[in-house]
Structures are given as structure tokens and as C-alpha cells.
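The values are calculated or read from the model by the stated rules, or taken from the named source; none is laboratory data. Please read all numbers here as calculations on a predicted model, not as lab measurements. Every residue, glycine as well, gets a Cβ built from its backbone with ideal geometry; the counts of neighbours run over all protein chains shown. With ligands, DNA and RNA removed, areas are computed over all heavy atoms of the protein, side chains included. Shrake-Rupley method; radii C 1.70, N 1.55, O 1.52, S 1.80 Å.
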Amino acid sequence: MRGKYLFTTLLMVCLATSLEAQQIEVDGFKQEKRTWLKRLLGKAPSSDKQFALLDLYTTEKGFSFIANGKDAAEAKEGDGLVTVKLPHKTRYLTVKHQVYGQYTWRVPKKWLKRKKHYRANLLASDPTHEYKLQQQWVVLNVSPGNAIVQIDSVHQLIRDGSLAAKLSVGSHTYTVEAPFYEALTDSFVLSDTAKLVLDVRLQPVYSYLTVKTPWKSGRIFVDGLPIGQGEGVSGRLIAGSHQVSVFLGTTCCYLGQVDVDRAEKKTIVLNQSDFSIHHMKKPDIAHEVSPTELIPSAAELQRGAKPDSAQITLSVADGDTEIWLDRERIGLGQWSGPLAVGYHLVSTKKDGLESEPTELWITDTYPQEIKLAVPQTSTGMVNIHANVVGAVIRLDGKLQGVTPLVLSGLSPKQDYLITVSKEGYMTVKKRIRPKGNEMTDVSIKMKKISND
């Protein structure tokens, strides 16, 4: 009797020591049932007439086991688990590991029985090792939205001006390019503590070409597009070579190539000596402009109009909406005035929202009335992450993918039901409303299902 008490005391001391370390833990214990359906399908758990079988699911290797503090247990390592053969009526199991130490686990029920098959999760952690994320999210909000983005020389998918990528922790180099904008090359550093959000705004760089001719009725074309009569200014041009042609009626009286550098505002002046007949068909245009139409009226001269300007009226349905022209605020609801021939950028703003900038091309001096769009809320993105990787995500009941996942193209005017589920965990449901032009973070904490 005294020996029995001594053994129990030693076992309890061993148990207390292992609990203090908390480097090894066993949870999720349950018995594998040998139902008739599993037998029929050939999936019934195996059994042993002399021993109890215990499957311990773990990603680690190198464990050894002692039953009831005295009997070494045979263990067989498999794919993601180790199967331990334990004597009948095993009440305590001591788990040993060279790195994680020792832990004594008490069977939740009375004891393990022979001919039975059990399972549990074997968790191990090294308290001297600081866990750090190996990857982190970076979100780039890019303007203009049609830019091309490369991170570490790899092209990235960009939608509605937003890009979300999960990259390794550390330093990365990125390049953002778009036509008519100055390319940007920079770097960022991802930490293991929080995601990084970067706002990237490219600076516009435009090239223009002004062509002056001695022929008042000469129609000027750049790359087949009309820019004026007698004198004209092109729209935005990409640096490089461009074709300039001038027509008197249907006859091409000048044809040449002009090189324009990046961000250059170039002017070429043609002389009478440049006149030469070329057999070239005149590009199609909506209407011709006579030389008399280039002469402003007295009223236009009083308003400060110029021969290369047109009277333009810009209007928007909502009178409280701001009108922006070439990145300058010019009025509310409506604006009217002379506008130079060439390209212009028009947009509207209201209550923190901004419409997509629209290119306005003034090709001649005819008056125009243009209706602008009311600014609309852009779509939102939702970044869903959980404490469990690989959990299934459904949006309003439709399968989307697994955690972690970024959903895009969601309306900021609509509520969505996010459902996250995985076998062995309680299903989590969360209702969210995305924010326009932003990334909405949704953090899901999943709890394991108790098997007690």
C-alpha cells in the first residue's frame, strides 16, 4: 500500500512539473467509433486485442511515450500523426521530446481500454522561440487606376485603382507606370506586426505639339486627328515621332514627322516654302471650319475669347456638385466660358466622392454643351483573415475561397453576410458593409468544438 501511495505521489509531481512548462499540450480527445456504416465502407478504425490505440495528430516528430509512469509505449509515426499502442487501463500518458520537454497527460475518462481506438491533437511549442509571421499584406491605392504595377519585377493585378498582395516579410521594390504620367520606383518594408497601406499618386506628364502655318484655311492633323485650322495645339502626346499633315481643301500641302520628347511642349512654324503637294487622302472629320469662323465676334473679344478657343458649357444634374477643369475648381452645377482647343481633364466632386476624370477634346471653335456625370461611390474591398488557415469563406451563401482572402468589387451601399467554417471549429457569421475606395478588414476568431 505504501508503494502505491509513493508511485501516485511521484506521478503527481511529474504532472505538476510538466504543466508548469506548458510546452506540450493534448486536446480534442475522443474515441473513434466503429459504426456499421464505417465497416461497410471499409473506413472503420483499426483495433488491437491486447492494446488501446491512440492517434496523436501533430506536425512534429521525435516524441517518446510512457504509460502510467512506468511502461514504455510503442509508437509509429505516420503522415501528420503518431499512433501509440497503450496497455489496457492506461490512465496517464507521459510525452517526452528533446526540444519541447516533458508533459504528463491524464486521460479525460476513467482509462483507455484495449480493443478501442482513440484520437487527440498533440500540440508543441518552444517558449524560447518567438513566433513571427512569414508573410504580410500590402495594399496599394494607385492613381490613375489603370496604372501598371510591378512588385519585385512581377506584374500585379490591379482593380479599380487598388492592389492587395500577400508578400514575404522584409523589403520589396515596386514600380508604377501609366501613359502620360511620370513612372515611380520606390521600396517598402513589410513587418510581421501589421499590414501596410500605401497611397501612390503618379504625377502627370504631358507632351504637346503646337503647329503654326501661313495658310489660314489650312486644316492641321496630328497622327490623323484634327487639331485646328491655320494654327492648332495637339492633345496629350506620348513621347516619340508623330505625323503632321496640313490640308487645303482635299489637297495635302504638307506632310512630315515631328519628334516630341517626354513632357515637351513643342512648337513648329511652317513657312510658304514648306508647301508641297502629297498624294494623301484627307482624314474624315465631322465638319469643316471656314477661315471666317476663326475670327471672334466683338462680344467674344470683350469676354477675352481667342481665335483658338471655343465657348464651352459644362453642367451637372446636381447643382451642389463641384466642377473641376484641368485639376482646378471652376464652379458649382454649371460653368460656361472659352476653352482652348486641345485636351482638357474634367471631373466632378461632392461629399468626398470624385468621378473618374474624363478627357475633353476640343477640336474646333464650335460652341458645345457637355453634361457631366455625378460622382459615384467606388466599390470596396474586404480583407478576410482568421486564426485558422484554410477555413471556407462564403459570401451571402456563395463559395468564395478559403482564409486568408481578399474580396473585391463589393458595393458600399449593401450589407453582406460572411460565413466562415471548417471541420472541428464552430461556424462564424459576420455581417459587414464595405467602405467605398477602401480596404475593410474582417478578423475572424474561430473556436474549436469541444468533444467532452
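Within straight cross-link reach of Lys445, meaning Cα distance under 21 Å, which lysines are found once same-chain residues fewer than 8 apart are removed?
Hits, sequence-local ones excluded: Lys132, Lys166, Lys195, Lys398, Lys422, Lys429, Lys430.
Working from the pairwise distances between different alpha carbons, so that the mean of 1/r is found and then inverted, what is the stretch 178-280's Kirkwood radius in Å?
It works out to 16.0 Å.
So how exposed is Tyr208, as accessible area in Å² (1.4 Å probe, rounded to 10)?
About 50 Å², rounded to the nearest 10.
Quick check: pseudo-label points 7 Å beyond the Cα along Cα→Cβ at Lys61 and Asp48, how many nm apart are they?
Taking the simple label geometry, Lys61 and Asp48 are separated by 2.1 nm.
How much of the calculated P(r) for the stretch 118-266 lies past 21 Å, in percent of all Cα pairs?
It works out to 62 percent of all Cα pairs.
Just the number, please: carbon plus sulfur as a percent of the accessible area of the stretch 132-216, 1.4 Å probe, no ligands or DNA/RNA counted.
49 percent
Taking the full set of protein chains and a 1.4 angstrom probe, give the accessible area of Trp361 in square angstrom, rounded to the nearest 10.
About 90 Å², ignoring ligands and nucleic acids.
Any idea of the accessible area per residue across the stretch 48-87, 1.4 Å probe, to the nearest Å²?
With the other protein chains kept in place, the stretch 48-87 gives 55 Å² per residue.
Full-extension gain between His279 and Leu196, please, as 0.36 nm times their residue separation minus the C-alpha to C-alpha distance.
So the extension gain works out to 23.9 nm.
Please go through the stretch 53-82 and write out the trypsin sites (Lys or Arg not before Pro) that DSSP classes as loop and that have at most 15 other C-beta atoms within 10 Å.
Answer in residue order: Lys61, Lys70.
Just read off the accessible area of Phe29 with the full protein assembly in place, 1.4 Å probe, to the nearest 10 Å².
20 Å²
Taking a cut-off of 23 Å between Cα atoms, list the lysines near Lys282, but don't count ones fewer than 8 places away on the same chain.
Correct list for Lys282: Lys212, Lys216.
Using a Debye calculation, one point per C-alpha and no hydration shell, please list log10 I(q)/I(0) for the stretch 146-204 at q = 0.16, 0.26 Å⁻¹ in order.
-0.50, -1.24
Bin all alpha-carbon pair distances of the stretch 130-170 at 10 Å intervals from 0 and give each bin's fraction as a whole percent.
With 10 Å bins starting at 0, P(r) equals 27, 49, 18, 6, 0.
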